[in-house]
Amino acid sequence: MADRILVVAEDQEGRLARAAWEAVAAGQSIARAFGAAVVTAVAGANVASLANELAGAEISESLALTSPLLEDYTAEGFTAALAPVIERQRPRFVVFSHTYQTRDFAPRLAARFSKALIGDCLGYRREGDRAIFVRPVFQGKLLADTEPLGDPPCFVSFQAGTFREDSVRRSAQPAPVTAIAASLSSEAIRTHPGERFREAKQTVDLTQADIIVAVGRGIKSPENLELAKKLAEVLNAELGASRPICDSGWLPMDRQIGSSGQTVAPRLYVALGISGAIQHQVGMKGSRTIVAINKDNEAPIFEIATYGIVGDLFEVVPALIEEIKKAKTR
Amino acid sequence: MKIFVCLKQVPARDAALRLNAEANWVRETDLSFEINEPDVYALEEGLRLKEKHGGEVVVATLGPERATQALKEALAKGADRALHLSDPALQNLDAYATARALAAAVQQEKPDLALTGLQADDDGFGQTGVLMAEILDWPHSTIIMEIQAGEKTLKVKRELEGGYFQWIEVPLPAILTIQSGINKPRYATLKGILAAKNKPLQKLSLKDLGLPAEAVSPRQRISKVYVPQKSGRVEFLEGTAREVARSLVEKLRNEARVM
Ligand SMILES: Cc1cc2nc3c(=O)[nH]c(=O)nc-3n(C[C@H](O)[C@H](O)[C@H](O)COP(=O)(O)OP(=O)(O)OC[C@H]3O[C@@H](n4cnc5c(N)ncnc54)[C@H](O)[C@@H]3O)c2cc1C
């Protein structure tokens, strides 16, 4: 019997968002490499229509795991719903997109099988019959080839953008959809989640900014922010920041750019002393022109920069301010 | 409230990383180490909960001899006791084995609450706390930005994607993984550093933890570590500060047309 791959598709506010389709694309890719069949699973209180949608992809079966107790996402509920499916299906790989929700419950599910998640992968390859997964380590400064050991299942999640939503193979003939009533007891779900909310309204909307000067930890101290502000001033730019700057209270939270802050796409993004961790990149990589000034020539930010300056920002930025001023008067 | 805080010592953020001879991890000689950043926030949160509600903070780390430094720092900041899971059989463990070992220590200590950082900045596993929760059969919540402690339950603010949050009620005992920025971590005072010298720091072996060797056998293996291939089309500007500033302005004007 061919190996199975179980793809766990995430229901985001009643929709299959990009993360769900990227997981399907990942599962299909691994299935082709290993001659396996893809089964998808989506869990929730009302996921029949999502399961039907997934059945349009080239897969062998689409599972809808339903229970009123899955209305609100909880790690314990999702773990309890998926574990028996894995026991029955015996997949070789269980594939997720590396979302916050996956981070929250996939390790718990894996641990139920005495495993951990091979998380946040950037790719995989087949060597003989072995699968080697590529993960970022040291905040993306290095990559690690990681091999699962022991019996299946192997739990693996892929970083956003590793597989593309538009590479999902569709099928003219929809795959069979199976509804499974998850047998959960309310005692098994000990956590009680409340509504999603945003903090009090944001006062700056960086999404509309034309030019952004963003500072990272390379700025060293709050006093030095003056320098960045001066650069922003001569460029007519808004000031943005990486998360640690806002965590330290040097700039307010609404200046934060990245996965837990704002997503911006200005015409020009100037990154001062920002390493370019993935959580920062996802919030700014759509910028048209990216300038990175960083003293470390290996900093991941240079991977997505248009122009790179390897150097001390405290030398480069004053010179840059002066040159911009000069250029303006010319 | 008795609080158990897991800490990891990782290479300092600015450290220049070199590969080891086997090219399967970084070379540790001539690296400097520090407490993993999110764990610093987890420790601070533990100390604050103790200050507010009374109790005890026990810190634990799994790692080589050098990791005692991280424990001493935590004791200097105000933790009451430290556990060092330091058996040779407990070195270089993968995520599951690490969680098994730490969970065994939790079982012995029976705290009301265990905290971890949301991920280690070296291996980036980002799941130790969640794995521990399943091993212990405790409830958990992740990426926490605020804790309000009640008698038997906590209300915690969980960070979601895209600037959203959510409050969650979690009954004790529980495990939380803490996000950076939840608080303002303190520095150790001189008094704290002196006091730390008299605080208990206990070494624990696999046997002390009551674990068989199989419990910490590897489920995954890193075969190779390497520098990512550069795929960017970045154009590096070179020269003195003045020269690079000048050529950048020129390019922003004429090529990128953003000035
Ligand atoms: C769940 C989660 C969500 C997150 N959300 C976000 C988010 O929304 N936004 C975000 O930004 N991060 C986020 N992060 C954090 C992210 O992983 C990184 O830790 C963070 O982006 C690093 O910020 P940084 O680049 O400023 O600091 P560092 O990584 O410390 O980088 C500082 C850089 O400055 C350079 N530097 C130092 N001195 C100088 C100098 N004199 N001149 C020039 N360069 C210098 C260094 O070479 C280094 O590259 C999140 C993390 C997690 C786990």
Residues A:Ala111, A:Ala106: which one is crowded, with 22+ Cβ neighbours inside 10 Å and more than 7 Å from chain B (Cβ to nearest Cβ)?
A:Ala106
With the structure loaded, tell me whether A:Thr263 is modelled with pLDDT under 95 and within 12 Å of another protein chain (Cβ to nearest Cβ) or whether it fails that test.
yes
How many residues, within region B:196-251, are in contact with a Phe, Trp or Tyr (Cβ under 7 Å, 6 or more places away or on another chain) and of a type in the set (Phe, Trp, Tyr)?
0
Only one residue in A:Arg198, A:Arg190 is free of Cβ contacts under 8 Å to residues at least 60 places away in the same chain, over 30 Å from A:Gly27 (Cβ atoms) and basic (Lys, Arg). Which one?
A:Arg198
Answer yes if at least one residue in region A:282-293 is without any contact (Cβ under 8 Å) to a residue 40 or more places away in the chain, more than 6 Å from the ligand (Cβ to nearest atom) and basic (Lys, Arg), and no otherwise.
yes
Could you identify the single residue in A:Ile274, A:Ile290 that is touching a Gly at 6+ places or on another chain (Cβ under 8 Å) and of a type in the set (Val, Ile, Thr)?
A:Ile274
A:Pro252 near the ligand (Cβ under 10 Å from one of its atoms) and either crowded, with 21+ Cβ neighbours inside 10 Å or in contact (Cβ under 8 Å) with a residue 12 or more places away in the chain (or both):
no
Look through A:Gly119, A:Gly150, A:Gly140 and report the one residue that is within 13 Å of another protein chain (Cβ to nearest Cβ), surrounded by fewer than 16 Cβ atoms within 10 Å (Cβ to Cβ) and not basic (Lys, Arg).
A:Gly150
Please verify whether region A:128-144 includes one or more residues that are free of Cβ contacts under 8 Å to residues at least 24 places away in the same chain and of a type in the set (Phe, Trp, Tyr).
yes
Unique residue being more than 10 Å from chain B (Cβ to nearest Cβ), out of contact with any Cys (no Cβ under 7 Å at 6 or more places or on another chain) and modelled with pLDDT under 95 when the list is A:Ala327, A:Ala228, A:Ala299, A:Ala232
A:Ala299
Going by what's in this entry, would B:Arg257 be described as farther than 21 Å from A:Val137 by Cα and surrounded by fewer than 16 Cβ atoms within 10 Å (Cβ to Cβ)?
yes
Out of B:Leu201, B:Leu211, sole residue that is closer than 21 Å to B:Ala95 by Cβ and surrounded by 14 or more Cβ atoms within 10 Å (Cβ to Cβ):
B:Leu211
Note on region A:210-220: residues within 12 Å of chain B (Cβ to nearest Cβ) and in contact with an Asp or Glu (Cβ under 8 Å, 6 or more places away or on another chain) are A:Ile211, A:Ile212
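The values are calculated or read from the model by the stated rules, or taken from the named source; none is laboratory data. The structure presented is a predicted model; accordingly, all values stated were derived computationally and were not measured. Virtual Cβ from ideal backbone geometry, glycine too; neighbours counted across all protein chains shown.
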